[in-house]
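These notes are about the structure you will find just below.
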Amino acid sequence: MVLSLKPIAYVALVVILLAGMWINGFPHASAANFPYSTYQQFLDRYVVPGKYIGGIKVNVVDYDAIQRDREKPDSLYDKVLKQLVNFDPGNLQNKEEEIAFWINAYNIGAIKMIMDHYPVDSIRSTKINWLKNPWNKKILTIGNETYSLGQIEHDILIGKYGEPLIHFAIVCASLSCPDLSPQVYEGAGVMEQLERQAQQFLHNEKKGLWMRREKGEVHFSMIFKFDKKTFPNGVRDAIPLITRFIDKEEDREYLRSGDYKIKYLDYNWDLNTSSKAR
């Protein structure tokens with residue numbers, strides 16, 4: 001049966017349908033994905049790329065400014081947290097959107113861990129956890145559940161998706177972590193973003209990878225030792241992943257050969273704060 005409507009009735013129906021698609025200022029068609037514009041504004045304001053702390057090149061965070069701005073009504077920091085409380089991650093539309101969302105959530109959670117106890121000099125401060133182990137502390141409320149950083153990393157990002165590239169994107173507010181990206185992770189391009197992060201991290205000799213062929217040594221990030229689930233044999237299991245992001249074929253062959261002593265770079269847990277940067 002074909003429904004016949006007079007012109008005025010037709011216009012009224014179209015208006016009703018369009019109104020139903022508009023919720024809280026956002027089209028309903030995109031409401032399933034998290035509205036990242038506020039978080040991007042947050043990153044634009046508080047993340048400063050390419051600074052140095054103790055000889056380590058790092059993207060720093062202006063925690064002092066976040067703290068000052070928190071005292072104002074509707075700060076960007078508070079807006080992002082409220083958006084997470086009001087968001088249901090079950091509405092995310094595909095795997096890429098989910099991976100991007102949970103990486104962003106982890107990084108926001110790490111910042112919140114610092115801000116909840118600020119000032120601190122490390123995420124492993126005894127002010128946060130007297131055993132210097134903050135990973136199981138419930139910190140970030142998303143929808144109807146409050147998550148720890150450990151849950152987001154191990155149960156969701158690694159446990160559910162098994163994507164090793166996430167190790168180059170989740171940031172525990174420390175100098176030896178991968179850099180906090182000044183760009184929000186978004187589903188459509190998340191894999192390309194993760195590959196860029198891996199490239200950047202592994203080319204940083206202070207944080208990712210340092211080959212000392214003259215001494216027969218290769219120094220790797222402790223990240224490849226920390227995650228026993230993804231890399232049960234340590235960095236040996238990570239070599240196929242690492243070599244994807246090494247520019248020179250001779251260096252790739254050297255890493256694959258295993259003819260070197262494996263060492264791990266010291267992991268610096270000092271805060272990635274702009275107050276100590278130059």
Condition first: closer than 25 Å to Y52 by Cα, touching a strand residue (DSSP E or B) at 6+ places or on another chain (Cβ under 7 Å), of a type in the set (A, V, I, L, M) and surrounded by 14 or more Cβ atoms within 10 Å (Cβ to Cβ). Can you find one or more residues in region 250-265 that meet it? yes
Spans of helices (runs of 4 or more DSSP H) in region 184-277 with at least 3 residues acidic (D, E): 249-257
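Might you let me know whether region 213-231 holds any residue that is charged (D, E, K, R), under 27 Å from L157 (Cβ atoms) and surrounded by fewer than 12 Cβ atoms within 10 Å (Cβ to Cβ)?
Taking every residue of region 213-231 in turn, at least one turns out to be charged (D, E, K, R), under 27 Å from L157 (Cβ atoms) and surrounded by fewer than 12 Cβ atoms within 10 Å (Cβ to Cβ).
Read-outs: derived from the displayed coordinates by stated rules, not from any lab. These figures come from a predicted structure and were not determined experimentally. With ideal geometry, Cβ positions are generated from the backbone for all residues, glycine too; neighbour counts draw on all protein chains shown.
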